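The values are calculated or read from the model by the stated rules, or taken from the named source; none is laboratory data. Predicted model, so just to flag it, every value in this text is computed and none were measured. Backbone-built Cβ (ideal geometry, glycine too); neighbour counts: all protein chains shown.
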Amino acid sequence: MAYATVQQFVESVSEAEAVALVRAAPPETGYDAGRIGQALDDASDELDTYFASRYSTPLTPAPATATQAAIALAREALDRQGRDQVKAAASRWRAWARDVAKGVAVLGGGVVGEDVPAQTTSSGVQHAGPSRIFDDAGLSSYLGRGR
């Protein structure tokens with residue numbers, strides 16, 4: 001399952017660039033939606049290799065961050081000129097995907113499919129362990145309260 005549609009790709013990069021990247025075969029005009037769709041599928045599959053270490057893939061619905069990453073990776077795959085800004089954008093998204101796999105970054109910060117900041121607790125340190133052995137009730141005779 002692709003994390004972005006052909007329409008989202010075209011809206012992101014512009015129709016003129018989509019045509020420049022994958023011109024349709026004559027006598028057709030415009031861009032080759034099939035090749036863009038295949039590039040988006042391949043990019044989504046690549047992202048899934050990172051996401052699968054922490055999430056059940058494919059992500060449904062796709063968070064906006066996964067959509068943007070898939071578009072950048074597909075654009076790099078289709079760019080025959082190897083432009084630096086296109087390669088740099090794809091590299092940034094791959095680094096983000098690696099961080100997601102490591103647990104350093106999140107998919108939009110919330111539940112999979114949401115693109116909202118994560119809720120954090122304000123208490124800081126949390127402890128989970130056995131109950132206290134020495135408490136006020138157990139130490140009352142030692143502390144001189146039980147007399």
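Values computed for the structure shown
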item	result
Scan of region 45-59 for residues that are among the aromatic types (Phe, Trp, Tyr) and assigned to a helix (DSSP H, G or I), ordered by number	50, 51
All positions within region 1-17 that are closer than 15 Å to residue 70 by Cβ and hydrophobic (A, V, I, L, M, F, W, C)	1, 2, 4, 6, 9, 10, 13
Sole residue being part of a helix (DSSP H, G or I) and of a type in the set (A, V, I, L, M, F, W, C), chosen from 62, 70, 4, 25	70
Inter-residue pairs, beta-carbon under 8 Å, first surrounded by 12 or more Cβ atoms within 10 Å (Cβ to Cβ) and in region 10-34, second polar (S, T, N, Q) and modelled with pLDDT of 95 or more, 6+ apart	12/68
Residue list for region 49-65, filter: of a type outside the set (S, T, N, Q), modelled with pLDDT of 90 or more, surrounded by fewer than 18 Cβ atoms within 10 Å (Cβ to Cβ) and farther than 18 Å from residue 9 by Cα	52, 58
Every pair of residues 6+ apart whose Cβ atoms lie under 9 Å, when the first sits in region 62-81 and is touching a residue at least 60 places away in the same chain (Cβ under 8 Å) and of a type in the set (Val, Ile, Thr) while the second is buried (at least 23 other Cβ atoms within 10 Å of the Cβ) and part of a loop (DSSP other than H, G, I, E, B)	67/3; 67/4; 71/3; 71/4
Among the candidates 112, 116, 100, 104, residue that is modelled with pLDDT under 90, buried (at least 16 other Cβ atoms within 10 Å of the Cβ) and more than 21 Å from residue 6 (Cα to Cα)	112
